[in-house]
1. When all protein chains stay in place, what accessible area (Å², nearest 10, 1.4 Å probe) is found for E152?
2. Specify whether the C-alpha gyration tensor of the stretch 123-183 places it in the rounded, prolate or oblate class, a ≥ b ≥ c being the square roots of the eigenvalues: rounded for a/c under 1.5, otherwise prolate if a/b is larger than b/c and oblate if not.
3. With just the Cα atoms defining each centre, how far is the stretch 192-264 from the stretch 52-91? Give it in Å.
4. Pick out the long, greasy-scoring helices in the chain: whole DSSP H runs spanning 27 Å or more along their own axis by Cα, mean Kyte-Doolittle at least -0.5.
5. So what is the accessible area of the chain per residue, in Å², with the probe set to 1.4 Å?
6. Search the structure for amide H atoms under 5 Å from the amide H of G113, placed 1.01 Å from N in the peptide plane, and list their residues when 5 or more places away or on another chain.
7. Sticking to Cα atoms, compute the Rg of the stretch 37-145 to one decimal and its Dmax as the biggest Cα-Cα distance, whole number, in Å.
8. Over the chain, what relative contact order in percent results from Cα pairs under 8 Å that are six or more residues apart?
Amino acid sequence: MKVLTERKYIKSNGNRIKLLILKPDIQGQGEKKPGILWIHGGGYITGMAEMVYMSRSIHLVKKYGVTVVSPEYRLSGQAPYPAALIDCYHALLYMKKHAEELGIRKDQIMVGGESAGGGLAAALCMYAKDKKTVNIAYQMPLYPMIDNEDTETSRDNHAPVWNTRRNHYGWKQYLKGITGGKVPAYAAPARRKDYFGLPPAYTFVCTAEPFYAETITYVRNMQEAGVDARIDIYPGMFHAFDMLLPFLPISKRAAEGFEISFEYAMAHYFLEQGEA
């Protein structure tokens, strides 16, 4: 299925941010499909909205005819936390307000992303739930960057792509606007204490990367709070293996597992919007 791309610009606390909107090229499309806010990675320090074209979400547009919105949020070099989260939140509000023209189901607004984008997706689920503004039906934070403190797998990690040194630098830049020493859960979702009522979730992670332990902990915390949260684990691979080496059999299995979970979500997870 051919993918059409539109560019929109929205305001976020006085700043102008770009949204890439990916839609299936279907003339006279009748049935509304889920809308997905997909957030790019890059350790909070780099990346761009166009990374959506190499993400898992582009295949959801092609295969299932959904609409994906990719925000070009401010990076930490331009503005540290909470700028990126607030930009993504305003993109989420845009999706809710313009659901009709976007051709998406209001009861199936979903969020996802890879790495730092996965971290922002997790934080956004917490933020929107607490503010009671947008009801997110499903979350897909893939190998998310959610813990600013060292874990057993982010400490002394020398794997390719992302390692301890880069992780420390990424968090230092993102959190440099926080004073008082206490990091809020909206900045680092691993700091969250109450996971009850968060959206159903799916993720996958590999064993060699820094985010392995924190991803498992995040899923377990949701499960213990009664959230339907699922995880697939791929042994031996490094961070973002599915995007960087898509031709490998293990990457193809990861992509297949992700799409199977999404098919389940399309059939089972709905959440009506309130008036806020």
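1. Roll a 1.4 Å probe over it and E152 shows about 140 Å².
2. Numbers: a/c = 2.95, a/b = 1.55, b/c = 1.91.
The shape class here is oblate.
3. The two parts, judged by their Cα centres, are 18 Å apart.
4. Details: long enough: 249-268 (28 Å, -0.16).
TM-like helix candidates: 249-268.
5. Details: 11720 Å² over 276 residues.
Roughly 42 Å² per residue, with all protein chains present.
6. Excluding prolines and chain starts, which carry no amide H, the hits are I39, M140, L142.
7. 12.8, 36
8. Details: 591 pairs, mean separation 49.0, N = 276.
Dividing the mean separation by the residue count of the chain yields 18 percent.
The values are calculated or read from the model by the stated rules, or taken from the named source; none is laboratory data. Keep in mind that what you see is a predicted model, and the values were worked out from it rather than measured. Please note that ligands, DNA and RNA were not included when accessible areas were found on the heavy atoms of the full protein model with its side chains. Shrake-Rupley method; radii C 1.70, N 1.55, O 1.52, S 1.80 Å.
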